[in-house]
Amino acid sequence: MPRRLVAALAGVSLLAVLSGCAMPLPLPIPRGPGAAGTADGGPAAPAGAPVVGDCLDGMNGVDSDWGSHVECTRPHLYDVVAIDEWPGMDAAIDGATPARVFSAINGGSDDTFVSEYWGWAHEFCAAAVRDALGWGGLHPRYDDLHVMPAGEWGFDMSLAARSDFDAGEHRTLCSLGWFDEHARTTGATLPEDFVADAGAGTEECWVTDSTTADPVDCTEPHTDQTILWFDARSAFGDSFLAPETEFTDTQWQLVNATCADLVAPLLPTVPEGLTVWGWARYPEIWEDLADAPPVPDTWYTMDCLVGSYDGSEFVGDLLDGTRPVLIPGTAAGSQSA
């Protein structure tokens, strides 16, 4: 897996971002003290190591540079949300050397412990991001279905630099990673900042019709807003998986009902004139199912959106509590006066 910052954007153009990234199958999510980065959650941190709540603004190869500390109100790339050691790390190193384990994990080796490590890291860091954003306890299925907020960001899983790993720093750092540098609003918590400004690129809005979906800034008129995504494989099983273009009405009804259930804790009342629906997050991955079976250890994700019934455009960000306002005369087939 050449890039640990897991893309969270929708759209056809993002297949390149995920090339070669096979998301591991679910493993138990650690919920012990280390999941929150507390003092009793594993080995003592070396001097200068980041802690939960820090922000980083540097890359170490393709991952966060643990030494690039910066104030969170300054432009940065990563918000640290958890740090802990994979429970299988000692056993992996006992059977090899720290240098070999580091190279295997970061080089995509086919060693069994590498897939086990990435399975744990995906689950641990995804849960940590949900918890940091206040989504962790919203719905009993959010963990099982790998639910994540939609937006122009991802979650980063990184080990320390090779020299620090060789010296004994074996923990994994989990961060909310921004695709573009982001400065937190002064005085805001991470979840408050995440939804504070739709223009900051933390959300996804679209103008859609029967054949196209064009991304727009959420401050501009739009027909739909993506709220979250979930793994359809975990929700419905392998028998559900097929090219999106071959979905039956029954399958779409199941997707839309699941989206309505998952969105409900965030939007208990869907504004009048809008509805909840779903679509495939990465269409190319779904279309590959026409010629090949599902790829092992891979999530097949669906977006859950809130949009207008008739193509009417609206303004307002659904996630920051702004009441959306439908724009008269923008429904499909209508003409503005």
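Scanning region 279-316 for residues that are over 16 Å from residue 235 (Cβ atoms) and in a strand (DSSP E or B) gives 305, 306, 307, 308, 314, 315. Looking across 226, 245, one residue alone is among the hydroxyl-bearing types (Ser, Thr, Tyr), surrounded by 15 or more Cβ atoms within 10 Å (Cβ to Cβ) and in contact (Cβ under 8 Å) with a residue 40 or more places away in the chain. It is 226.
Residue count for region 138-164 under the criterion of being at pLDDT below 90 and aromatic (Phe, Trp, Tyr): the result is 2. Quick one: in region 186-214, of everything that is in a loop (DSSP other than H, G, I, E, B) and over 30 Å from residue 75 (Cβ atoms), which residue is modelled with the lowest pLDDT? Checking each candidate, the answer is 210. For the condition modelled with pLDDT under 95, farther than 24 Å from residue 146 by Cα, out of contact with any helix residue (DSSP H, G or I) (no Cβ under 7 Å at 6 or more places or on another chain) and among the β-branched types (Val, Ile, Thr), residue 97 qualifies. Among the residues of region 243-257, the ones that are out of contact with any strand residue (DSSP E or B) (no Cβ under 7 Å at 6 or more places or on another chain) and part of a helix (DSSP H, G or I) come to 9 in all.
Residue count for region 284-315 under the criterion of being farther than 24 Å from residue 211 by Cα and either basic (Lys, Arg) or surrounded by fewer than 19 Cβ atoms within 10 Å (Cβ to Cβ) (or both): the result is 7. Going through region 268-278 one residue at a time, which ones are in contact with a Leu (Cβ under 7 Å, 6 or more places away or on another chain) and part of a loop (DSSP other than H, G, I, E, B)? Scanning region 268-278 gives a single hit, 273. The number of residues in region 215-242 that are in a helix (DSSP H, G or I), over 21 Å from the mean Cα position of the chain (by Cα) and not aromatic (Phe, Trp, Tyr) comes to 2.
The values are calculated or read from the model by the stated rules, or taken from the named source; none is laboratory data. The structure presented is a predicted model; accordingly, all values stated were derived computationally and were not measured. All Cβ positions, glycine included, derive from the backbone under ideal geometry; neighbour counts span all protein chains shown.
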